[in-house]
Amino acid sequence: MIGRWRLLLVAAMIAGCAMIIVTAQQPSPAGAPGPAQGASYTAQQAERGRVAYQSNCSGCHGPNLDDGPSDAPPLTGVNFVTFWGTRSVGDLFNYIMDSMPPATPGALGDETTVNVVAYILQRLGAPAGTTELASSATTTLSAVGRGGGRGAGRGGRGGDPDAVGAGAGGTPMVFGAGTGAGGGGRGGALGDFRGVTVHGEVKNYVPVTFEMLKNPPASDWLVFRGNYQGWSYSSLDQINRNNVQHLQLVWQWAMNDSGTNQTSPIVHNGILYLVSPSHIVQALDAKTGDLIWETRAGPYQAPGGSGSPIRSIGIMGDKILLPANNAHAVAINARNGEIVWDTPLSDVAGHATTSGTIVVGDKMLQGMTGCGPRQTDGCYISAIDVNSGKRLWRFQTRAPTGPEANTWGSLPMDQRGGGETWIAGTYDPQLNLTYWGTAQAKPWSFMNRGTTLADKLLYTSSTVALNVDDGKLAWYHQFAPAESFDLDEVFERVLLDAGNRKLVFNAGKAGVLWKMDRQTGEFLGFKEMVKQTVWERIDPKTGVPTYRPDVFEMQYDKPINICPSTQGGKNWGAMSYNQPTGVLIVPLGQSCMDFYVRKTVGGGNGAVRRFLAMPDTNGNIGKLAAYDVNTMKEVWSHQQRAAYLGGVISTAGGIAIAGDIDRYVRAHDVKTGKVLWQTRLGTSAQGFPITYSVDGKQYIAVMAGLGGGSPRNAPGAIAPEIKIPQAGQALYVYTLDDQK
C-alpha cells in the first residue's frame, strides 16, 4: 500500500469528483521521474474516463479540468503539476478513491476511478497506448505528462460548459412533458436543441409594467427577493403564527438534477415561472402545478456544478429575462416560451454569471463571475435593453481610472483579478440608484496576488451605488480592504427607511452586519453576528477594519486559524426585513478554519482549508437570528446543528420561513424565533422561498436543491452524521388545509 500522510485538506468542492474538506492522505513522494513505465492507458479507457468526469466531476473542476468555480483546484496545468508532479499515478488513484466524491467517497468504484485518471493523463499530454492503465502504476505524473498540457478543446474559464473538445457526452435529458431526449455529444440533448420543448400558452396574459415592479401586488412575486428593496418580505397574512401548523403540501414539481439549484421563482397573475439547472425555463399554473410551456434557453450544465447556479429570473412587459450562466442575457416570451433575443455580456470568451437579475424599467441588470486576472475586458455590472437586447452600459468593479485605480499597488491592470458581482443588487426608485456588493480580489490571498495588505484593491469587497440611467458611480464604501481569506462582501443590500434616514444594510462572510446611509454612503454602525477573528478592531466611526498582527506575518504552507470559515458567517442566503417588527432575520453559519496558502504560478487561489467547529457554539453550525434595525441588537436567535443553506422569507402573518442542509423547512415566530411548524424535503432545502396568492388563497413555495461550495463543504466536514440524498431537486408548494 502506498504511504500517505494525513491532513485535513480543503481543496474545496462539492459532489462529483470534487476535492473538498476531506481527511486527505497525501502520498509520499515517489522517486525521480523516469520513463512512463506502468502508466500506459488506452484511448478507449480515457474516453470512458471523459464521460465519467463530465457526469461526476466537471461541475466542480470545470469541463476543461481547470475552469471550475474559484473553490475548485485545477486538475491540469502548472499548479496541478507543481503539487502532483512528483507523486505517482497510483497515488492520484488512491487519493480520489479515498476522498471523492466528498459526500460519498469511493462511490465511483475502482474501474471508473482508473478511467478518470486515464483521462487526466490524456489531458496532461500523455499519449495513449495499447495497455490499459493499472491503479497501482508507480510512474510519476510529471513523467507521463507534457509540461502540464491541457489537451484540445479549451473553453474559457466560467464559459459555456458545452465548449469541450470532442464533446461533453453527459446523461440524456428528459423534457417536461415526459418525452426523452437523445444523449450523445456536447451535453446530450441540450447541446443539440435550443428552444421550446413543451408548447403551450399563458391565457389572458397581463404585461408587467415598471409601476408594478415598483409596487408589486401582494398576490405576485415579481422581483428577486420580493421587491426592489430586497426585503424578502410579503404583506400576505392569511397564513400566520396561529394557523401555520396546518400547512399542507398541495403540489410539487421535480426540477432538473443536472446542476446546482439555488434559484428563486417569480409569480405573476397566477403563473409561476421557474428556471432549473441547464437553463430549463418553465411556466406552471401556480395553483395546481400544471406545466404550461417549457423552453431550453441556454447551455448544458454539468452535474453538481458548484459554480453555475442561476439565482433568479426577471420579468418585464411580456418577457421573462434569464441571466444565463455563460454570461448571456436571454429574453423569453412569457406567453409561450419562445426565445426573443440572446445577448452576450461580452465579446471576450470566458466570462460567466451566477448573480441572477433585477429588471429596472427597460433595463435588465446582471452581474459577472469568473473574473480572473486573464480577462482582458475587466469585470463589470451590465445593463441590457429589455426590448432590443442591446448593451446599454457597464460599470467596471476593478477601478480602471482615477485615484481608485492606484489602490492595487504595482500590479499591472491585466494582472488584476476579482471584484465579481455574483448576487444581484437592489434598487431605490426615489434615488434612482442600484446597490451592488462586490467580491474580493483574486487570487484570494495577497501573497499570491502580488499585493500587500495596505493595498485596498478598489472596488472589491465594497458596496457600489450606481445611477441606473448611465451606470455612473454615486458612491462606494469598502468593508474589507485587501481581503485575503475568501470572506467577501458580495451579498444582498437591503434598503429601508428608519427615522429620517434612508438606510442600506448588508452582511458578508465575516458575519458582520453593516449599516450605511444609502443616500450619502455615510457609515453608521456594525454588529458582529458570529465570532470573527480576522480583524482585531473595526473603527466604530468609519467602519475601517484592522487586521490582527499575525495576518501580516503569514507564510506559505503555514496554517492560520480564522473565524468564520469560507462557509461564511453570512453567505448567499438572503436575510429578510420584517417591516411590522422592524427586525432583520438573518441566516448565519458558525464554523472556523485553519487556512493555508499554497504558492501558485499564473493564477489559481492556492487555498487549503481545514474546517472546524466554531468555539462556544456547542457544535451548532446553523444560526437564525433577528436584529433590531435601529439599535443593531440581537433580539432572538435559534441555533441548531444543521447549517442553513438558503434565504429567509417573512410575512405580515408573523412567520419566517427558513430551510437547512438536513432537509428541514421550518416556520418561526418573527417575534421570538420559536418553531411553529416544520416539514422535511427530499433533499437539502436550498434556494429562496417565496409566497404568493391565487384566487384569494396564499401559498408558500420552497425548494430542495444540491450543489454549492463551502456552505456545504464546511458542514459536511464538521457534521458528517448529516446524510444528504444526492438527487431530488424540486419545488414544493404549501397552503392551509381547507378544513382549517
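The values are calculated or read from the model by the stated rules, or taken from the named source; none is laboratory data. It should be emphasised that the depicted structure is a prediction, and the values quoted were computed from it without experimental measurement. Neighbour counts run over all protein chains shown; Cβ positions are idealised from the backbone, glycine included. For accessibility, only protein heavy atoms count, side chains too; no ligands or nucleic acids. Shrake-Rupley method; radii C 1.70, N 1.55, O 1.52, S 1.80 Å.
Tell me the strands (runs of 3 or more DSSP E) entirely within the range 341-421 that contain at least 2 residues that are closer than 24 Å to T260 by Cβ.
Correct list: 357-360, 363-366, 380-385.
Taking T452 and the conditions (1) part of a loop (DSSP other than H, G, I, E, B); (2) farther than 23 Å from G568 by Cβ; (3) modelled with pLDDT of 95 or more, which numbered condition does it fall short on, given that it satisfies the others?
Of (1) part of a loop (DSSP other than H, G, I, E, B); (2) farther than 23 Å from G568 by Cβ; (3) modelled with pLDDT of 95 or more, only one is false for T452: (3).
With respect to F479, determine if the residue is of a type in the set (F, W, Y) and closer than 27 Å to M593 by Cβ.
Against the criterion (of a type in the set (F, W, Y) and closer than 27 Å to M593 by Cβ), F479 qualifies.
Take the residues of the range 210-231 that are farther than 20 Å from R493 by Cα and touching a residue at least 24 places away in the same chain (Cβ under 8 Å): which is most open to solvent (accessible area, probe 1.4 Å)?
Applying the filter and picking the extreme gives F210.
Pick out the one residue from G499, G525, G521 that is surrounded by fewer than 19 Cβ atoms within 10 Å (Cβ to Cβ), touching a His at 6+ places or on another chain (Cβ under 8 Å), in contact (Cβ under 8 Å) with a residue 12 or more places away in the chain and of a type in the set (G, A, S).
Step by step, each of G499, G525, G521 is checked, and only G521 is surrounded by fewer than 19 Cβ atoms within 10 Å (Cβ to Cβ), touching a His at 6+ places or on another chain (Cβ under 8 Å), in contact (Cβ under 8 Å) with a residue 12 or more places away in the chain and of a type in the set (G, A, S).
Of everything in the range 107-138, what is in a helix (DSSP H, G or I) and either among the aromatic types (F, W, Y) or open to solvent by less than 20 Å² (accessible area, probe 1.4 Å) (or both)? Give them in sequence order.
T113, V114, N115, V116, V117, A118, Y119, I120, L121, R123
Which of the residues belonging to the range 681-736 are among the charged types (D, E, K, R) and touching a residue at least 40 places away in the same chain (Cβ under 8 Å)?
D695, K697, R712
Strands (runs of 3 or more DSSP E) wholly in the range 574-648 with at least 1 residues that are within 26 Å of T263 (Cα to Cα) - which ones?
Output list reads 576-578, 583-589, 591-597, 622-628, 634-640.
Kindly indicate which of G687, G708 is assigned to a loop (DSSP other than H, G, I, E, B) and closer than 17 Å to I657 by Cβ.
G687
Can you name the residue in the range 232-255 that is open to solvent by 40 Å² or more (accessible area, probe 1.4 Å) and touching a Phe, Trp or Tyr at 6+ places or on another chain (Cβ under 6 Å) and is also nearest to E492 (Cα to Cα) among such residues?
Residue satisfying both the conditions and the ranking: Q252.
Among the residues of the range 35-78, which ones are at pLDDT below 75, open to solvent by 40 Å² or more (accessible area, probe 1.4 Å) and not hydroxyl-bearing (S, T, Y)?
Scanning the range 35-78 gives P35, A36, Q37, G38, V78.
Just checking, which of S278, S264, S258 is of a type in the set (G, A, S), surrounded by 22 or more Cβ atoms within 10 Å (Cβ to Cβ), modelled with pLDDT of 95 or more and in contact with a Pro (Cβ under 9 Å, 6 or more places away or on another chain)?
Going through S278, S264, S258 in turn, the sole match is S264.
Which residues, counting only those in the range 317-346, are open to solvent by 30 Å² or more (accessible area, probe 1.4 Å) and either of a type outside the set (A, V, I, L, M) or more than 21 Å from M212 (Cβ to Cβ) (or both)?
Those that are open to solvent by 30 Å² or more (accessible area, probe 1.4 Å) and either of a type outside the set (A, V, I, L, M) or more than 21 Å from M212 (Cβ to Cβ) (or both): D318, H328, N333, R335, N336, E338, I339, D342, P344.
Output the number of residues of the range 281-299 satisfying the condition of being in a loop (DSSP other than H, G, I, E, B) and modelled with pLDDT of 95 or more.
Of the residues in the range 281-299, 5 are in a loop (DSSP other than H, G, I, E, B) and modelled with pLDDT of 95 or more.
Hey, could you check the range 88-127 for residues that are small (G, A, S) and within 13 Å of G49 (Cα to Cα) and say which is modelled with the highest pLDDT?
A118
Just to check your reading of the model, which residue among V702, V675, V733, V694 is within 22 Å of W221 (Cβ to Cβ) and touching a Lys or Arg at 6+ places or on another chain (Cβ under 6 Å)?
Matching residue, one of V702, V675, V733, V694: V694.
List pairs: first residue in the range 395-410 and surrounded by fewer than 17 Cβ atoms within 10 Å (Cβ to Cβ), second residue of a type outside the set (D, E) anywhere in the structure, Cβ distance under 6 angstrom, at least six positions apart or on different chains.
Short answer, once both residue conditions are applied: A405/A399; G409/T451.
Looking at the range 543-556, can you tell me whether even one residue there is buried (at least 22 other Cβ atoms within 10 Å of the Cβ) and assigned to a loop (DSSP other than H, G, I, E, B)?
no
Results for (1) within 16 Å of the chain's Cα centre (by Cα); (2) among the aliphatic types (A, V, I, L, M); (3) outside any loop (DSSP other than H, G, I, E, B); (4) surrounded by fewer than 21 Cβ atoms within 10 Å (Cβ to Cβ), shown as yes or no for each residue.
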position	(1), (2), (3), (4)
V702	no, yes, yes, no
R712	yes, no, yes, no
A717	no, yes, yes, no
I724	no, yes, no, yes
D738	no, no, no, yes
